[in-house]
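Comments concern the structure below.
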Amino acid sequence: MTTLTVVHQSNEHRYVALLDGREVGLTQYTPQEGHRTFIHTEVARDVEGNGVGGALVSEALRSVVDDGLRIVAVCPFVAHFVATHPEFQRYTDPRSSTPSPPQDSTAAGAHG
């Protein structure tokens, strides 16, 4: 049986998904006063479509809420997740409050 664990690497401003100890996904954010702005999410191609991205983002957003912060979803994957999970919508601030970072479309498994 495989075990998915989400770890907050606060010094690197990201949450990582570990599947049986192997890093298979990450979501990056920029810390700002009162909120975390999610800027990029990616999942390893060999585990795409298995719920890893959703589990990763769900745990990351729960952490933000538990820390008493707001969510800004610049990353399209995180924005879509929030739009389809109403339990996080009241903790979300508009994207327009933060400029969009440059996108690297060459990253394998990139989702935002």
inquiry  = So, in region 43-61, exactly how many residues are surrounded by fewer than 23 Cβ atoms within 10 Å (Cβ to Cβ) and either touching a residue at least 24 places away in the same chain (Cβ under 8 Å) or within 19 Å of PRO94 (Cβ to Cβ) (or both)?
reply    = 9
request  = Only one of these is outside any strand (DSSP E or B), open to solvent by less than 10 Å² (accessible area, probe 1.4 Å) and free of Cβ contacts under 8 Å to residues at least 40 places away in the same chain: VAL24, VAL64. Name it.
outcome  = VAL64
ask   = Does ARG70 satisfy the condition of being modelled with pLDDT of 95 or more, more than 17 Å from HIS8 (Cα to Cα) and surrounded by fewer than 19 Cβ atoms within 10 Å (Cβ to Cβ)?
value = no
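The values are calculated or read from the model by the stated rules, or taken from the named source; none is laboratory data. All values reported here derive from a predicted model rather than from experimental measurement. Quick reminder, even Gly has a Cβ in these numbers, built from the backbone with ideal geometry, and neighbours come from all protein chains shown. The area values use the complete protein model at the heavy-atom level, side chains included, leaving out ligands, DNA and RNA. Shrake-Rupley method; radii C 1.70, N 1.55, O 1.52, S 1.80 Å.
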